[in-house]
Every structure is written in C-alpha cells, then in structure tokens.
Amino acid sequence: MKTALITGASSGIGKELAYCFAKDGIHLVLSARSNETLTEIAQDIQSKFGVKVSVFVADLTAHNQAHNIWQYCQDNQISIQYLINNAGFGDTGLFENTDMIKNERMIQLNITALTELCRLFIPNMKAAGFGKILNVASTAAFQPGPTMAVYFATKSYVLSFSEAINNELNGTGVSVTALCPGPTETKFAEAAGFKSDGIFDSKKKFPSAKEVAEFGYKALQKGKSVAIHGTINYIQANASRFFPRNWVVKITRFMMG
Ligand SMILES: NC(=O)c1ccc[n+]([C@@H]2O[C@H](COP(=O)([O-])OP(=O)(O)OC[C@H]3O[C@@H](n4cnc5c(N)ncnc54)[C@H](OP(=O)(O)O)[C@@H]3O)[C@@H](O)[C@H]2O)c1
C-alpha cells in the first residue's frame, strides 16, 4: 500500500490534495503547524476513506524540521511513494520595506525545506523504482514580480529546480511535477497581505482549491513535468517568453495593482 506525505495539508490546495489521495486508497502523512486542524482533517479522512493518516506538526521555517519529518517516517517505517511539497506563503509590498526575517522564513519554507525533502526522499524512491513528487510552484514562477519580488523568485526556483531534477530522474521510475496554479480561492491572499483590488480583486471569481488540487493530482499521476492550471494562466505564462523582459516586468507590475 502506498503513502503520500503532504506539507501544508491543513488548508487550501494541500488539504484538498489529501482528499484526492485518500479517495484512491493511498495512506497519508499530513504536515503543517496547526495541530488541531490537521487532527480534524485526519479523523475525517480516516472515517470517510479508511486509509491510515498520521499527523506530523512542524514549522518548516525552522531549519531542522524537514529532516525531522523524514526521520519520523524512518522511525515509524513509513515508506513514502508520493511527496507533495505544497506548504508556502507570500508577502506583498516594495522589497525595501519588507521584513527581512519574514523573507528568510519564506525562502526557508518555499525553497530550502522543499529542496531538503526532495533530497531526503528521492534515494529511497529511486531504489524502489517508483516515486512521484509534486512541488507546488505558481504562475508567479514565469516572470519577475515587482511588489512581491521574493515570493516570485522563490517560485521561479521551484519551477527551475523541479524541471532539472525531473530530467535527472528520467528512466528511474521517479517523476517530479511542478504545479503552477494562478490565483486560487484559499487563505493565501489574506496571509500575503493582498488588498481587495489588483490580482486578487474581490469582484473576481477564482478557481477553488479543490479544482486546482484535482488538476495537480492528475498531472502528478501522469508524471507531467510542468502543470499550469487554467487556459488563461497557461497562455499568460507562455506568452512571457515572446516579449522583451523589461515589458514583462512592467506588465506584471501593472497587473499586481
Ligand atoms: N492560492 C493561490 O492563489 C496560490 C497561487 C499559486 C501558488 N500557490 C501556492 O500553493 C501552495 C498552497 O497554498 P494555498 O493557496 O493552499 O494557501 P493556504 O490556504 O494559506 O495554505 C498554506 C498551507 O501551508 C502551511 N504553512 C504555512 N506556513 C507554514 C510553515 N511555516 N510551516 C509549515 N507549514 C506552513 C499552512 O498550514 P499552517 O498555517 O497550519 O502551518 C497551510 O496548510 C503554496 O505553496 C502557495 O505558494 C497558491
């Protein structure tokens, strides 16, 4: 029986991904900081789908926590076939005004913890000849993002890193998928400090976390390298390659509002 480890499983896309795996009879290790919420989700999934669900509470902005999750799986003989690096957050504002401690935490969570979890889990997946990794990037990965400079750069890293290691793992039975959602209805915008205009305009209707999770889950199971959610997002992400970079940055700044 297979097991999926999901970071950021207490809300939004990560929570919905947990239900996608459980529906297919895949056991789960769910991680995030919110113990109570994770435990409620674990109980709900166990009672509805009868799969085993373990909870590992961790703040992945702390340096040793990615290793601790891996150690927990080793100690409890939980073999991971699906690794879902979903936990992440953003922050808005001019870079010069940003809080450097928050920037460091964002880089630690969005980049370092994701990289470390891949490094720790890939060897066993490769030895077993099977493994699927989903790294949640963003459409922010495709261009620089004025007023969200650090966040966009972290997601460019996730996309570039995922494509590179997916290529390295070709033929091993292990695949790495970079999921690139556009704006999605979750707690992300509020946590990042978005106002109700600009990209997260409150009058607009955004895809639900469930829709994005189901799309990402299918792409993961197919072993796709990059999965951009939504036709308009797909066109926008790819269009940026055909314009001069200084135009792309200006257009992005305008769209950020
Ligand atoms: N929503 C969007 O518009 C959008 C668009 C593109 C990409 N994304 C990406 O999608 C991913 C999921 O975000 P979401 O939209 O589903 O947002 P969300 O509802 O805010 O969920 C974020 C998840 O990450 C966890 N998390 C946050 N800080 C953490 C930390 N320090 N340590 C461990 N876990 C932490 C949260 O759990 P706790 O608070 O319990 O720790 C939560 O489970 C992120 O990587 C985000 O960058 C989102």
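Rule-based calculations on the coordinates, nothing more; no lab input. As the structure is a prediction and not an experimental result, all values here were calculated from the model. Here the Cβ positions follow ideal geometry from the backbone for every residue, glycine too, while neighbour counts run over all protein chains shown.
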Only one of Asn233, Asn246, Asn238 is within 11 Å of the ligand (Cβ to nearest atom) and over 25 Å from Tyr82 (Cα atoms); which?
Asn233
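Just checking, how many residues over region 46-88 are of a type in the set (Asp, Glu) and either surrounded by 18 or more Cβ atoms within 10 Å (Cβ to Cβ) or touching a Lys or Arg at 6+ places or on another chain (Cβ under 7 Å) (or both)? Let's see the steps before the verdict.
Residues of region 46-88 that are of a type in the set (Asp, Glu), as a first pass: 59, 75.
Then drop every residue that is not either surrounded by 18 or more Cβ atoms within 10 Å (Cβ to Cβ) or touching a Lys or Arg at 6+ places or on another chain (Cβ under 7 Å) (or both), which leaves 59.
Of the residues in that region, 1 qualify.
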Identify all residues within region 61-103 that are over 18 Å from the mean Cα position of the chain (by Cα) and either of a type in the set (Asp, Glu) or on the phi > 0 side of the Ramachandran plot (or both); write none if there are none.
Asp75, Gln77, Gly93, Glu96, Asp99
Within region 79-93, is even one residue within 10 Å of the ligand (Cβ to nearest atom), touching a Ser or Thr at 6+ places or on another chain (Cβ under 8 Å) and more than 26 Å from Ala153 (Cα to Cα)?
no
Restrict the check to region 63-71 and report whether at least one residue is more than 16 Å from the ligand (Cβ to nearest atom) and either in a helix (DSSP H, G or I) or without any contact (Cβ under 8 Å) to a residue 60 or more places away in the chain (or both).
yes
